[in-house]
């Protein structure tokens with residue numbers, strides 16, 4: 001599951017058990033990316049807060065399925081199969097269209113989002129690609145291009161934070177050898193208003 005010691009739900013106590021009880025899925029399952037933090041519960045809390053507020057918050061303007069698409073693309077670019085598997089399953093569930101989801105997956109894998117998306121979405125995915133692979137080359141004009149196609153600065157910030165979160169999550173996974181063994185793919189918190197409500201679907 002990981003290259004470092006982790007504490008499973010059944011052995012958790014104190015602060016860690018309280019956190020696990022908030023976010024556990026069916027059969028007390030905790031995703032491996034989260035149990036990877038178990039030796040330092042305070043970093044688990046930080047990860048949870050960032051994840052929920054960046055990807056599952058009612059204040060977001062982008063549709064949730066497109067935020068998941070950004071995350072899948074960033075994870076593909078980083079060769080993080082764990083996050084690709086988890087978030088593509090979530091994307092597919094949100095879309096409710098297996099054929100369209102498959103076309104999205106194939107286009108992203110080819111690094112050719114224009115095959116399935118309109119220009120506005122393509123530019124945001126290209127921004128994600130550049131920020132992930134060549135962050136030192138980012139320029140103010142990259143933001144200007146996004147404004148030119150109709151994104152406001154809040155929407156740009158929102159996407160930027162999703163991109164940054166997935167780069168963080170990918171490096172957590174790749175750096176600690178986290179696998180999907182035993183995970184339930186595609187679960188996400190239902191409640192986008194209450195940051196403490198981690199009930200899954």
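Using the basic label-point model (7 angstrom from Cα toward the beta carbon), what is the residue 116 to residue 4 distance in nanometres?
3.4 nm
Hey, if you drop one equal point scatterer on each alpha-carbon of the chain and run the Debye formula without solvent, what base-10 log of I(q)/I(0) do you get at q = 0.09, 0.10, 0.14 Å⁻¹?
For the chain, the Cα-only Debye profile gives -0.34, -0.42, -0.82.
So how do 13, 2, 179 line up by other beta-carbon neighbours within 10 Å, fewest first? Intermediate values should be presented prior to the final figure.
Numbers: 13 8, 2 18, 179 15.
Fewest-to-most ranking of 13, 2, 179: 13, 179, 2.
Going by how many other beta carbons lie within 10 Å of each one, how would you line up 153, 142, 183, 31, fewest first?
Details: 153 10, 142 15, 183 22, 31 19.
Listing 153, 142, 183, 31 from fewest to most nearby Cβ atoms yields 153, 142, 31, 183.
Taking Cα pairs under 8 Å and at least six residues apart, what relative contact order does the range 64-174 come out at, in percent? Could the numbers behind the result be given before it?
Details: 97 pairs, mean separation 39.3, N = 111.
Reported relative contact order: 35 percent.
Tell me what the chain gives for mean residue ellipticity at 222 nm when only DSSP H runs of n ≥ 4 count, each as -39,500 (n - 2.57), the sum divided by the residue total, rounded to 500 deg cm²/dmol.
Details: 9 runs with 118 residues, N = 201.
That calculation yields -18500 deg cm²/dmol at 222 nm.
Could you work out how far helix 153-176 tilts from the main Cα principal axis of the chain, as a 0 to 90 degree angle to the nearest 10?
50 degrees
Residues of the range 121-155 with the amide nitrogen closer than 17 Å to a label point 7 Å from the Cα of residue 100, along Cα-to-Cβ, please.
121-122
Measure nothing fancy, just the Cα-based angle from helix 14-23's long axis to the longest principal axis of the chain, in degrees from 0 to 90, nearest 10.
Once rounded, the angle reads 50 degrees.
Using a Förster distance of 22 angstrom, determine the FRET efficiency expected from the C-beta separation of residue 139 and residue 79, and round it to 0.05.
0.25
Bear in mind that the values in this text are calculations on the coordinates, not laboratory data. Please read these numbers as outputs of a predicted model, since none were measured by experiment. Positions of Cβ are backbone-derived with ideal geometry, glycine not excepted, and every protein chain shown enters the neighbour counts.
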